[in-house]
Every structure is written in C-alpha cells, then in structure tokens.
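Colleague: Please see the structure below; I have some questions.
The values are calculated or read from the model by the stated rules, or taken from the named source; none is laboratory data. All of these numbers come straight from a predicted model, not from anything done at the bench. Cβ placement follows ideal geometry from the backbone for every residue including glycine, while neighbour counts extend to all protein chains displayed.
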Amino acid sequence: MHLAPLILLFFAHAASAADASGRNWRIAVQSLQCQGNGLLVMGARVHYRGPDGAVEAPIVQIVDASGNAYRPLGKWLSGGGLSHLKAGDLGVVHFRFPVHTASGALELEFGDIRAFTVSRDACKALLRPEQVKAPRAPPPAATKSNVAVYRERYPCSAGRSVAAEYPPYLPLQLIVLGRGYLPNARAIELPMGRSPAQSYAYTGLDELQHIEDAARRALGADFPEYRSPKYFAFNWGVQRSQTGNELYSIGVYELRPCPGV
C-alpha cells in the first residue's frame, strides 16, 4: 500500500463519529473544520472492506450545491495506479479540501458510499460529526439474480427484441467488474449520459457466461429491487476505467415499449 503526503494519524475511534459505509469502503467522519480562506479539513478513519488484492484509489471529493467538485490537496493512495490492500482499518486521514469558491450545501463523496451532507452552507455551516446523517450499506440478499443478460440486442415490452450496439437509453445501474482488481467507479459516462455504477473485483474466466454470472451474483446480493421481469441486463463488453485499466460493465434497464410504438 502506498500512502501519500497527507497527514496520517492513528487513534481510537471517536464515539461521536459519523460512520458511513458502502460495499467496499467505510469512513467515520471524526472532525470537520474550516481554516483560513475556505480550507475544509476533515479528519476521518478509513476502513477497507475488501476484497483483498489490487485496488484503485477511491474517489474522495466534496461536491457543492451547483455540482462543482473539490478534490483534496495531496494524494492518499497511489493516484492512477493500483494499491494492494487487505480488508481492515487503514487509520485516520486528515483530508484538506480547498472549497473557498463553493456555495450552498456540501456533500462528501467517498469510494462507493452514497454521497452525504457535511455542511448546510459551505464553510459557514459545517455539521458536527454527530449531526451528519451517514448512509449505511444494506445487508446483502442471499440469492443470485436470474435477470436475463442480452448482447447485441435488447428486448422491448411488446415481446420483441431490437438489434443494436446498445440500448438507446440510460441504464438504471451499471455493474462494473475489474479484471483482477477493484475499480474506482461511482458513475460511468455513456453516449446517452452518466450512469450510476457499483464496482466489483473479478478474478474469473474471461468468458461471457462467467462474467454475466458474476454480474447476476452482484445484482442478487446488492440490488434485489431489479429481480422483477420488467428489468433486463445488457452486456456492454470490455471498457477502460479513467485510469486505463480494463473492466467489464453490465447495465440494468427497465423494459420499455419498442421504438416507434
């Protein structure tokens, strides 16, 4: 694991920390303060939940009410490359976000954790850690999804299917499988817009059936709401993450009327 120049401290978990979790990451916000000309300093204990192995550095940013993103000064895990991690506590990091141009409410985006509010009004109204409403990852379901996965065609609600490179509308969710590593992907830019994404490490065979079965297991574990026959999945094939690492992506779609109907 490569830890960068941010100040890294190790101390006991504060009772008042806001503990937020996703499938792969957990972060406990222990302190929030503004220094100087709009420098937001956040002390947080970071926990990697697994799987063990190669991991892309998770996204860490503050997003304001206008959608502007502010990355921390310095780097934490190796930027753009892969770090080898084992599940466990990674210690406490002090992140420093230059938010002097931010306006309105501020939300923290970290790894695969749902964004959550840390300030009601930029540096003027920071929340105390005990006031932060931190999201928690739902418990995984027990069974694999049986959703149908399509390639080069997609179905429509009239019982027909349409030949296409990909469906013309945005998926509800992308399952992103890194080839031997855990990707950093909260969202993926597609030709029709930006789709939410959930990342998983994939170490199976490079065969379509095995890849699609892995996606079904992920959907069954984390997205049981898409088990209904009104949803289907489409295999987008091999793509590349922003760092250039290869990944597979499979999108979940709601069944819609056939084009022209």
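Colleague: Only strands (runs of 3 or more DSSP E) wholly contained in segment 134-224 count here; list those with 1 or more residues that are under 30 Å from residue 85 (Cα atoms).
Modeller: On the way: elements: 153-155, 161-163, 173-179, 187-190, 193-202.
The qualifying strands (runs of 3 or more DSSP E) are 173-179, 187-190, 193-202.
Colleague: Being in contact (Cβ under 8 Å) with a residue 40 or more places away in the chain and loosely packed, with under 15 Cβ neighbours inside 10 Å narrows it down to one of 163, 148, so name that one. Spell out the reasoning first.
Modeller: Details: 163 fails: in contact (Cβ under 8 Å) with a residue 40 or more places away in the chain.
Answer to the check: 148.
Colleague: Give all pairs with beta carbons closer than 9 Å in which a residue from segment 59-71 that is over 7 Å from residue 106 (Cα atoms) meets a residue that is crowded, with 18+ Cβ neighbours inside 10 Å and small (Gly, Ala, Ser); count only pairs at least 6 apart in sequence or on separate chains.
Modeller: As it stands, the answer is 59/111; 59/185; 60/111; 66/102; 68/102; 70/102, since those pairs meet every condition given.
Colleague: I need the full set of residues from segment 243-261 which are of a type in the set (A, V, I, L, M, F, W, C), within 19 Å of residue 208 (Cα to Cα) and out of contact with any Ser or Thr (no Cβ under 7 Å at 6 or more places or on another chain), in order please.
Modeller: 250, 252
Colleague: The conditions are (1) on the phi > 0 side of the Ramachandran plot; (2) surrounded by fewer than 16 Cβ atoms within 10 Å (Cβ to Cβ), and residue 89 fails exactly one of them. Which is it?
Modeller: (1)
Colleague: Would you call residue 109 outside any loop (DSSP other than H, G, I, E, B), among the charged types (D, E, K, R) and touching a Lys or Arg at 6+ places or on another chain (Cβ under 7 Å)?
Modeller: Values: outside any loop (DSSP other than H, G, I, E, B): yes; among the charged types (D, E, K, R): yes; touching a Lys or Arg at 6+ places or on another chain (Cβ under 7 Å): yes.
Taking the combined requirement at face value, the residue satisfies it.
Colleague: Yes or no: segment 112-119 includes at least one residue that is on the phi > 0 side of the Ramachandran plot and either surrounded by 20 or more Cβ atoms within 10 Å (Cβ to Cβ) or part of a loop (DSSP other than H, G, I, E, B) (or both).
Modeller: The initial filter retains those residues of segment 112-119 that are on the phi > 0 side of the Ramachandran plot, namely none.
Scanning segment 112-119 turns up no residue that is on the phi > 0 side of the Ramachandran plot and either surrounded by 20 or more Cβ atoms within 10 Å (Cβ to Cβ) or part of a loop (DSSP other than H, G, I, E, B) (or both).
Colleague: Would you pick out the residues in segment 219-235 that are closer than 20 Å to residue 152 by Cα and surrounded by 15 or more Cβ atoms within 10 Å (Cβ to Cβ)?
Modeller: Pass one, segment 219-235, residues closer than 20 Å to residue 152 by Cα: 229-235.
Selection gives 231, 232, 233, 234, 235.
Colleague: Do the conditions hold for residue 134, that is, is it buried (at least 16 other Cβ atoms within 10 Å of the Cβ), closer than 30 Å to residue 216 by Cα and either assigned by TED's automatic domain parsing to the domain that holds residue 63 or touching a residue at least 24 places away in the same chain (Cβ under 8 Å) (or both)? Write out each step before concluding.
Modeller: Details: buried (at least 16 other Cβ atoms within 10 Å of the Cβ): yes; closer than 30 Å to residue 216 by Cα: yes; either assigned by TED's automatic domain parsing to the domain that holds residue 63 or touching a residue at least 24 places away in the same chain (Cβ under 8 Å) (or both): yes.
Spelling it out, residue 134 is indeed buried (at least 16 other Cβ atoms within 10 Å of the Cβ), closer than 30 Å to residue 216 by Cα and either assigned by TED's automatic domain parsing to the domain that holds residue 63 or touching a residue at least 24 places away in the same chain (Cβ under 8 Å) (or both).
Colleague: Among the residues of segment 39-46, are any in a strand (DSSP E or B), touching a residue at least 12 places away in the same chain (Cβ under 8 Å) and touching a Pro at 6+ places or on another chain (Cβ under 7 Å)? Outline the logic, then answer.
Modeller: Step one: list which residues in segment 39-46 are in a strand (DSSP E or B), which gives 39-46.
Cutting the leftovers down to touching a residue at least 12 places away in the same chain (Cβ under 8 Å) gives us 39-46.
If we keep only those that are touching a Pro at 6+ places or on another chain (Cβ under 7 Å) too, we end up with 39.
Yes, segment 39-46 has at least one match.
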